[in-house]
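Written below as structure tokens is the structure these notes are about.
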Amino acid sequence: MKVTLTAHDALGVAWDAKQYMVQPSGQGGTGLLPDGVRDWLAALRLTEGVPFQHLVVDDRLLPPESIRFFYLDRNWTDALVAGALSVSAITTDDRAQLQALYPQVRDELDAAERLVRVPGNEVGVDGPADVVTGLLIRSRAVSGWPAMHVRAYRTEVPDDGPDDETSRLHLMRLERLAPSVLLALFDGVPAVVHLEEPRSGLQFGFELTDPQPPAGLAYELPLRTPGTGTETGATVPVPFRPGAPGVVDLAALQASILRAVGGNGSGAEFALEVLRFPYRQVFGPSEQDPSFDELFQPQVGIEQIRTWPDYTITVTAAEEQAEGES
Amino acid sequence: MVSQGDFILHDAVRPAVPDGAYTLTVTQQLDPPGQSVDPLTKYLAVTGPRFTLPPDQPLSFFPPQNATGAFSTRLPQIVLQRRTLPWERLIDDGEPDLPWLALVVLADGEGQLTTGQPVDTTGLPDPDLRDSDTRDVLTVTERVISQVFPSKQDLPWLCHVREVDLSDTELALGDDDGWLAVVLANRLPQPGVHYTACLVSLEGHGGDLPATEPPVNFFTGTTVYTRAQVNAAAVLQRQSETFVDGTFSEAAVSEAAVSEAAVSEAEPPGAVTLVGAPLPATKPPVTRDAWSAPALPGVVAAGQQAGTVVKGRVSGATSVTGLSVNQVFIDPQARLVQFTVLKHWSFTCGDGGDFESLVRGLDDGMLGTLPPPGPPPTTPGTPPGAPSTRPDPVITDTGHVQTAAVSRSGDPGQAWYRGPFTPRQILRAEPDATGVLPLLHAADQARRVGPDGLEDLSLATAFEIGRLLATSAPAVVAGLLGWRQDGYQPARVRGILTVPGSLQARLRQVLDENRAVFSAGVAAGMLGSLGADSAARLGPVRPLAKPGPDLGVGLASGGDLASVVAQGFGLDQGQVSAVLAAGPAAGGLDPSVTASQLPSQLGELGPADFAAARAGLSARVTSLVAQARLLAGEEP
């Protein structure tokens, strides 16, 4: 059969298609900037694409096996955006227009930068800008455990408790800049930061018996209650194959677990007992809360800067703040 | 569906039909009896990975590949993408429920791993069902099997299936459905030992697996063979490789002497049984050429396996890494068993370096804190670095760092720089009382002189980086320019239009009607109010088309219309003249209807205006119906 397209069909399709047509940039959309430009500038605000030596100017500021916390300097990122916007301004007239629009552009980017990274299970929240903080890790833990979880909380949360959704800060950027360097940016000032072993590769394992028997190496297994998974506090010794180099007799282990805690002897209950939960490292307030001076020890203190000849010329906001804190 | 942060463990996910060749026979009973249909026999094969593992199957390894760390409290494991994979084949027919894959962890020298061997299906069912012509082979002695390989009773506990939530992980591990099969090893790695983990196929090896013995609660040794035994075997293997014309080469003999000395140092005398036992379990091959005379029987036995690619290396006389030692040299009497290896990787168990010790040991502080003085912490396996001779960077309380800079005049010097990450919170510049927010237009605007007279280039650098990043992205440049054209210019024109006047009013109307196609609108509005012929006043008018050379046939060269048309289309000039003389009526147009008579609004149209169209349509319908009848074979 010959398929024909009538004018009626064509008109109908065109009419339907009209609502999907892209509005001309600068109008019809939700904001002042074209969508593509806004998204790009918002990602630029989160230092995406900025060469690493301009983020951390000296390698000794991020030595191997270290974690460093920081604030994001919004003046710096604003200057970054101003540089990008200057590409569009050709004449003096353009610059005057851009200057007039700039407060609006900045507010729009403040809202957009929070929506750059919104994973499927989160709801993006926009709104006026908050303080952005972050951390940099350079460690073999980053390269060896590639799916490490990084979470920050506005208030202190129990170390081993469930995830507190309301207190958790939105993660604005989480990226490995190098195989062993991880950058995270948080929307707000965290009280605690959790680094957690990736759950995808959870392992089965035991603990070394303490003290060790004189005859050789021994391991034990802390027991959990079947059904609830809470630790009972009791342990069973791990049975090994006689004469073998550290080979676990799993069938015997399962039998001894069954004798100790009961249950239905299924493989799932066995796994519940033998599974080691992921390790979670908490960075947060400790018993002896260190003062800021212990966390950051500059070579040139503010007192010394004040003695410099032209000190009164530029009292930056940072210095005011440093003065306020010290 | 698994909720975020949870995962579900399953004992096993068994395929409905294990891999293998099947015969499907269909017979049919008919009613009433007496009728019959021939039975149908079809052959089908269920295939899957058998001698190699497709590269997309292994999703993750623990311990990580080539890693060094404290893995001594965790069982090694491999995660496979296909949930049914460990149960797709049978070890042997008597064991329908056991997985056919096992993860075996071997220390150096406890086996020989050879790659690229021809597939050997002797004794296996369905020998023709093979996914590869070559395989990797692990050769081990019975002693290693009895000590390290899992027993049949262990096997059910070594494989399970996990159902995880994929949105919870950053990388999702490349899996598609969140169902993963996990194969565990049964051996706890011990510090200071280098291991190779091999995912082996147990198909046809049901009889080789060890029987269970009463367990004990501790163990003593960390390897099956002592280091000295492995080293001595490696030396013998080297000798067999340098063995020429029935005598050892001088180098090999001296090397053997050295290594025996090394062995006797490492082990108390009498503890090592060096090879040289009279009867190898594997008979030497009969076909030998006249040039080689048998020396050590073990050497010959190794010779017949020569030509294989050795995985690992034997360096010097005293170190063996990986599974490179021919097992014949370690235990000439032993029966050797060959297993197919589907995947293998190696790791080293050390004292520190698991996730917990790594993140616990992180040096924390605000950015700008220098590492603690003294040599940097050495990591296992790397030599300690030389103490740095560089002076420490100068960092101020505000987070600025002094860096080397060359001024524009070429003088080397220093400058302050502070990146976007600062140890203190920086107050952001806000609009002043009049609502004006300073905007940089050039990088030089942001250059500052610090209190000590050095330049502060932080924001100037930021501006320049932003400008360069934007210009390096053509889409962004195009987007920004388009934004300027669509946004700024109409705004600018609107500013002009605040001056009252008729032209301005017309332009404003056009602008309001269609802002998006503003330039076209402005042009139309201008032409509309000025008059088309006055457009010349705006500037020189470009000709619509460039006139071509005179060909001598057109009206311009003197011909009349009828002759030009007739000549051009190859028509009879008389007929063309007649048609032209008759006017528009001859073409089917009603000459009485002129354009000015047509109503300008659709609402003014009456039924009479459609009479011609209706007549034309009905004529068309009639002709279509006639054609349809013709096509249908009807007589008109």
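What does the highest-first list of B:105-115, B:10-20 look like by mean Cβ count within 10 Å?
Top to bottom by mean Cβ count within 10 Å: B:105-115, B:10-20.
For B:Phe421, which sequence-distant residues (separation of 5 or more, or a different chain) have an amide H within less than 5 Å of its own amide H, given hydrogens modelled in the peptide plane?
Close amide H contacts, sequence-distant or interchain: A:Asp73.
Under the definition of Cα pairs under 8 Å and six or more residues apart, what whole-number percent is the relative contact order of region B:1-129?
Value for region B:1-129: 24 percent.
Considering every residue in B:150-156, what mean count of other chain Cβ atoms within 10 Å of its Cβ is obtained?
Per residue, the average neighbour count from other chains is 5.
Largest first and to the nearest Å, give the Cα extent of region A:184-277 along each principal axis.
56, 34, 23
Give me the distance in nm between label points sitting 7 Å out from Cα along the Cα-to-Cβ direction at B:Ala619 and B:Asp128, one decimal.
Label-label distance for B:Ala619 and B:Asp128, simple model: 7.5 nm.
Taking a label point 7 Å from the Cα of B:Val46 along the Cα→Cβ vector, which residues of region B:86-115 have an amide N closer than 20 Å to it?
Those under the cut-off are B:86-102.
B:Leu468 versus B:Thr23, label points 7 Å from Cα toward the beta carbon: distance in nm?
In this crude spin-label approximation the distance works out to 7.5 nm.
Per-residue Cβ counts within 10 Å, from other chains only, averaged over A:225-238: what number is that?
Averaged over the peptide's residues, the number is 1.
Ordered by packing density, taken as the mean number of other Cβ atoms within 10 Å over each peptide's residues, highest first, how do B:90-96, B:623-629, B:141-147 rank? Provide the component values of the computation, followed by the final result.
Values: B:90-96: 14.9, B:623-629: 10.7, B:141-147: 21.0.
Output ranking for B:90-96, B:623-629, B:141-147: B:141-147, B:90-96, B:623-629.
Pop the C-beta distance of B:Val37 and B:Arg335 into the FRET formula with R0 = 60 Å and round what comes out to the nearest 0.05.
Step by step, r from the Cβ atoms, then E = 0.65.
What's the local net charge at B:Val200, with K and R +1, D and E -1, over the other residues with C-beta under 10 Å away?
Numbers: positive: B:Lys343; negative: B:Asp136, B:Glu203.
The answer is -1.
With θ taken as phi - 60° and the coefficients 6.51, -1.76 and 1.60, list the Karplus ³J(HN,Hα) couplings across region B:567-582 in order, rounded to whole Hz; mark glycine and proline as x.
5, x, 9, x, 9, 6, 5, x, 5, 4, 4, 5, 5, 5, 5, 5
Give, to the nearest whole percent, the P(r) tail of region B:435-490 beyond 12 angstrom, counting all Cα pairs.
Cα-Cα pairs in region B:435-490 separated by more than 12 Å: 73 percent.
Per residue, how big is the convex hull of region A:216-267 when only Cα atoms are used? Give it in Å³.
Working: hull volume 4.1 nm³, N = 52.
Residue-normalised Cα hull volume stands at 79 Å³.
For the peptides A:51-63, B:124-136, B:188-200, what is the packing order when you average, over each peptide's residues, the other Cβ atoms within 10 Å and list the highest mean first?
Ranking the peptides A:51-63, B:124-136, B:188-200 by packing returns B:188-200, A:51-63, B:124-136.
Taking K and R as +1 and D and E as -1, what net charge do the other residues with C-beta under 13 Å from the C-beta of B:Asp19 add up to?
Charge balance in the 13 Å sphere: 0.
Using a Förster distance of 35 Å, how high is the FRET efficiency between A:Thr92 and B:Ser407, based on the Cβ-Cβ distance and rounded to 0.05?
Plugging the Cβ-Cβ distance into 1/(1 + (r/R0)^6) gives 0.75.
For peptide B:400-411, how many partner chain Cβ atoms fall within 10 Å of a residue's Cβ, on average? Before the final figure, lay out each step's value.
On the way: counts 6, 7, 4, 3, 0, 0, 0, 0, 0, 0, 0, 0.
The mean count of partner-chain Cβ atoms within 10 Å per residue comes to 2.
Please list, ordered by chain and number, the residues whose modelled amide H lies under 5 Å from the amide H of B:Asp363; skip anything fewer than 5 residues away on the same chain.
A:Ser66, A:Ile67
Please arrange B:Ile426, A:Ile302 by counting, for each residue, the other beta carbons lying within 10 Å of its beta carbon, fewest first.
Taking fewest neighbouring Cβ atoms as first place, the list is A:Ile302, B:Ile426.
Given points 7 Å out from each Cα along the Cα-Cβ axis, report the B:Leu561 to A:Asp59 separation in nanometres with one decimal.
8.8 nm
If you split all Cα-Cα distances of region B:58-139 into 10 Å bins from zero, what percentages do you get per bin, shortest first?
Histogram of Cα-Cα distances, whole percents per bin: 13, 34, 41, 11, 1.
Please give the FRET efficiency for A:Ser266 paired with A:Glu48, using the beta carbon to beta carbon distance and R0 = 51 Å, rounded to the nearest 0.05.
The calculated FRET efficiency here is 0.60.
We did not get these values from a lab; they are worked out from the coordinates using the rules stated. As the structure is a computational prediction, the values presented were derived from the model and not from experiment. Methodologically, a virtual Cβ is constructed for each residue, glycine included, from the backbone with ideal geometry; neighbour enumeration extends over all protein chains shown.
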